[in-house]
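Structure first, commentary second.
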Amino acid sequence: MLKKLIILSLILILTNCGAPGTALLGPTITGARTGSVAQASLSYGSSHVVKKAKESLKKIEETKKAVHQRVGQLNQKIDLKVDQLNKVVLKNHADLFFKAVKDNLKKYN
């Protein structure tokens, strides 16, 4: 009976029909196949590092998007301020020009 249970379990695990909880069996299978605890530990550790690296990259991408959006908003605000400043400067130049023309007309008439 025990032999049949073990064979059935191995068939389920090897054909990827096992429950989601069998994900941690990878290092166990590595250890059983090679007989090396160090190699099984390395297998588990490397998969854990890869998982954490993927999570970190995802967070970086989200932060990058947020920063790009904020920079875009700041650029729009800066463009509006520059436009307003240009209007003021142009108005001041126009006032100076018309004042100079009036002064020249008064002087020469």
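Computed from the coordinates by the stated procedures, all read-outs in this text should not be read as laboratory data. As the structure is a prediction and not an experimental result, all values here were calculated from the model. Glycine gets a Cβ as well: all are built from the backbone with ideal geometry, and neighbour counts include every protein chain shown.
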Quarter of the surface of the C-alpha convex hull for the range 43-92, i.e. direction-averaged projected area in nm², equals 3.5 nm²
Rounded to one decimal in nm, the spacing of the 7 Å Cα→Cβ label points at H48 and V101 is 8.1 nm
Taking a straight Cα-to-Cα line shorter than 19 Å from K106, and setting aside same-chain aspartates and glutamates fewer than 8 residues away, one finds D95
Filtered hits (lysines, Cα-Cα < 23 Å from K59, offset >= 8 within chain) -> K51
